[in-house]
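Step one of this worksheet: look at the structure below.
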Amino acid sequence: MRNLAITTTLILATVLAGPASATATQEASGPVPEVTVERDGDVWQVEYELDRDAAVWAFIRSSLIYGSREPWRPDDWVVTTPGVVLERVGHLDILRTVDGGPVPRRVSLRITPRDHVLEADYGPLVFTDGSTALFTGAFEVFPLESVEAARALPEDLNGSDVGVENARITWRDRDGQVLIYGQRETEAVTEDGTTYALFGPAQMTQTERLVTVVDQALPEWVAASIESFAPAVAAYYAERLGPGQTDRPTIMAAWRGPTPELQSLSGSVLPGLIVMSFEGVGQVEATPESLATTHWFIGHESAHFWLGQTVRYERARDSWITEGGADLMAIRALEALDPAFVSRDDLQGEVDDCSGLAVLPVSEAGRRGEHRAYYACGAVFALAAEAVQRRATGGDWFDFLRPLIDANREDGVLTRQEWLDHLTSISRDPSLASDIELLLDRGTPDPSAVIASLFERTGVAYRLDEGRVGLD
């Protein structure tokens with residue numbers, strides 16, 4: 001956005017949903033894997049006590065590194081138990097034995113946390129003072145009967161017949177306490193994979209509306225923006241959409257340094273927690289552009305407490321609902337909170353990117369590593385929905401969203417069909433949903449023509465200039 005090199009990985013994983021995760025982690029009805037993660041200076045040790053015999057233990061969170069599309073775990077985690085290997089099979093990282101027998105009940109590893117930006121998943125967060133936050137879900141495993149069974153599983157395990165029980169994980173730091181759920185403990189324990197464990201001296205600051213753990217090297221203006229804008233944008237969302245998943249989030253923000261010719265922001269959202277990482281010379285000094293970009297980033301992340309946490313998508317292929325929806329939420333919130341903010345360039349970027357990426361099916365963008373399609377095309381669809389709402393009631397994007405969120409607060413899932421049916425009920429034009437489904441399921445050689453037709457029928461102001469859809 002804003003013609004800057006911004007790499008944004010915005011995760012919507014919740015307790016029950018997320019790319020490369022199972023439909024649900026089940027409450028334990030018996031023994032579960034026991035895991036101990038311990039740091040001793042620069043040495044990190046992980047011990048698994050597995051609860052049953054299995055030929056393979058697979059890691060439920062097995063995402064790829066953003067950009068390179070390479071698995072991160074085989075390089076960062078080294079098995080020290082003789083006869084056991086960690087490798088990539090199909091879409092999963094797995095533990096297996098060299099001789100094909102059951103994996104030993106006790107497996108030890110040495111790990112090296114690196115602050116990778118992952119594709120639609122949660123990577124480690126490394127602070128400049130050595131503090132490190134690890135995602136608890138990265139240590140969750142489930143048993144399989146064979147390597148072939150692992151290879152046969154799809155990339156998105158949502159909806160697949162895979163039962164995953166939460167591991168019981170103990171966290172220790174020989175140099176001090178571990179921060180989890182806002183509390184520092186000498187020996188902390190988690191039994192779900194939905195948060196971060198913070199090792200090291202990074203300090204926590206608490207206010208009535210926000211808890212922050214900010215890298216000491218993070219530019220002061222960025223830290224100040226987080227502390228001031230996050231509560232303001234959350235209050236705006238609550239006013240427009242009702243309660244979100246939390247009214248007092250924790251934000252962890254790390255600094256990767258002033259890399260030349262770069263302004264990079266990456267982040268993810270978990271229940272009650274936003275994790276952010278900033279990098280690049282473009283973040284060192286506050287300018288109107290960098291301030292607006294940072295506010296948009298905070299707005300997008302905060303939006304996921306409504307789209308992504310209060311309600312989540314049903315399948316990873318449907319993340320256009322939450323990603324594109326959060327993009328437009330952030331843009332509209334900035335317009336309301338900052339009179340100087342001009343949204344046109346950001347919205348035009350969404351249209352341009354969707355036009356380039358929807359040649360192939362948007363719903364399959366994740367397997368191609370083109371996650372940007374979920375953001376851009378989701379925002380295009382949201383623009384069309386907003387225009388339909390405006391024609392019908394004079395309302396805006398939040399007025400379109402609120403009935404969908406309220407109707408699904410109990411089950412917590414906003415499906416693609418519910419979103420499209422809501423669009424049709426307001427517009428009384430089923431062809432709008434049909435065109436969106438064309439881009440989602442099949443793609444088209446000329447996405448601009450389909451987008452222009454959507455905008456024409458819904459009332460989004462646009463013009464065609466040599467085949468490019470330009471917003472007026």
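Annotations
- Scattering profile of the chain at q = 0.09, 0.12, 0.13 Å⁻¹ [log10 I(q)/I(0), Debye over alpha-carbon scatterers]: -0.59, -1.05, -1.21
- Considering only Val126, Phe139, Ala217, and ranking their Cα positions along the charge dipole of the chain that arises from unit charges at the beta-carbon of Lys, Arg, Asp and Glu, the one farthest toward the positive end is Phe139.
- DSSP beta bridge pairing in segment 203-310, given as percent antiparallel to the nearest 5: 50
- Each label point was placed 7 Å from the Cα along the Cα-to-Cβ direction; for Thr205 and Asp352 their separation is 3.6 nm.
- Charged-residue dipole, Cβ positions (Lys, Arg, Asp, Glu), segment 76-123 about Cα centre, Debye nearest 20: 300
- Only helices enter the 222 nm calculation for the chain: every DSSP H run of n ≥ 4 contributes -39,500 (n - 2.57), and dividing by all residues gives -10000 deg cm²/dmol, rounded to 500.
- Gained length - Glu456 relative to Ala286, 0.36 nm times residue gap less alpha-carbon distance: 57.3 nm
- Cα-based helix-to-principal-axis angle, 430-441 vs the chain, degrees rounded to 10: 40
- Alpha-carbon geometry of segment 203-310: the Rg and the Dmax are 13.3, 42 Å, given in that order.
- 3J(HN,Hα) along segment 388-405: 4, 5, 5, 5, 7, 10, x, x, 9, 4, 5, 5, 5, 6, 4, x, 5, 5 Hz, from the Karplus curve 6.51 cos²θ - 1.76 cosθ + 1.60 with θ = phi - 60°, whole Hz, x for Gly and Pro.
- Within segment 240-331, GluC sites (Glu not before Pro) in DSSP loop having at most 16 other beta-carbon neighbours inside 10 Å: Glu261, Glu285
- Taken one residue at a time, the phi angles of segment 304-317 give Karplus couplings (6.51, -1.76, 1.60, θ = phi - 60°) of 6, 5, 9, 8, x, 10, 4, 10, 10, 6, 7, 10, 4, 5 Hz. Gly and Pro are set to x.
- Volume per residue for segment 25-200 equals 117 cubic angstrom (convex hull of Cα atoms).
- Net charge dipole size for the chain [Lys, Arg +1 and Asp, Glu -1 on Cβ; Debye, nearest 20]: 180
- Projected label distance in nm at Glu370 and Thr259, using a 7 Å step from Cα toward the beta-carbon: 2.4
- Working ranking of peptides 163-175, 330-342 by packing, defined as the average number of other Cβ atoms within 10 Å per residue, highest first, is 163-175, 330-342.
- Highest average first, the peptides 185-193, 115-123 ordered by how many other beta carbon atoms sit within 10 Å of their residues are 115-123, 185-193.
- With the charge dipole of the chain set up from +1 on Lys and Arg Cβ and -1 on Asp and Glu Cβ about the Cα centre, the Cα lying farthest toward the positive end among the listed residues Pro430, His116, Gly257 is that of Pro430.
- Amide H contacts of Leu273: Thr250, each under 5 Å away and 5 or more positions distant or on a separate chain (H built 1.01 Å from N in the peptide plane; Pro and chain starts excluded).
No lab work stands behind these numbers, since they all come straight from the coordinates. Fair warning: this is a prediction, and the values are worked out from it, not measured in the lab. Glycine also receives a Cβ, built like all others from the backbone with ideal geometry; neighbour counts cover every protein chain displayed.
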